[in-house]
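Inspection log for the structure reproduced underneath, given as structure tokens.
The values are calculated or read from the model by the stated rules, or taken from the named source; none is laboratory data. On a predicted model such as this, the values are computed, not experimentally measured, just so you know. Glycine gets a Cβ as well: all are built from the backbone with ideal geometry, and neighbour counts include every protein chain shown.
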Amino acid sequence: MPFCSNCGAEVQGSFCAKCGAPMAGPSRETAAPPPPPPPAPAAQVVADNVASLLCYLPWLGALIGILTLVMEPYSHNRTIRFHAWQSIGMNVGFLIIFITVSVISVAILPIPFVGPAISILLHLADFLGYVFLCLMLMYKAYNNERWVLPVIGPLAEKQV
């Protein structure tokens, strides 16, 4: 805080409030530029529950889960990381189930009438099970609940 050279009072502008003498040097406002503002934290594009919900989008869940794990504001949230890891594990599991069902379908297709019917039913059950599980997990994630899947859930909790 500068002082007046004439009367010794504290000066807050370019003139002394007590005697009215002008300040000889630069005033406090022009002496030094203000410090730069601190960097702003990374902005959240969507809310936490919506980010968790997006991890379970059918057929895009693994990709969105991986993106969520590397995106800055979401990579530090334990709940979102849990949903991302569980989504990745669930999608990998359903990919393995789909490949297994496809191999079984190819093996039983030569059976007349029954083979194609069983193949269609197996693929339909796989598809409906996947969509139903995705919708349930999306609902639970949107309501900020954790629905831990039997094998994948504990592995996801360890990764968080």
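Per the conditions (1) surrounded by 14 or more Cβ atoms within 10 Å (Cβ to Cβ); (2) touching a helix residue (DSSP H, G or I) at 6+ places or on another chain (Cβ under 6 Å); (3) not hydroxyl-bearing (Ser, Thr, Tyr), the sole criterion not satisfied by residue 116 is (2). The residues listed here are 62, 84; of these, the one that is surrounded by 15 or more Cβ atoms within 10 Å (Cβ to Cβ), touching a Leu at 6+ places or on another chain (Cβ under 6 Å) and either small (Gly, Ala, Ser) or modelled with pLDDT under 95 (or both) is 84.
Within the stretch 128-147, does at least one residue satisfy the condition of being surrounded by fewer than 11 Cβ atoms within 10 Å (Cβ to Cβ) and among the aliphatic types (A, V, I, L, M)? Yes, that holds for at least one residue.
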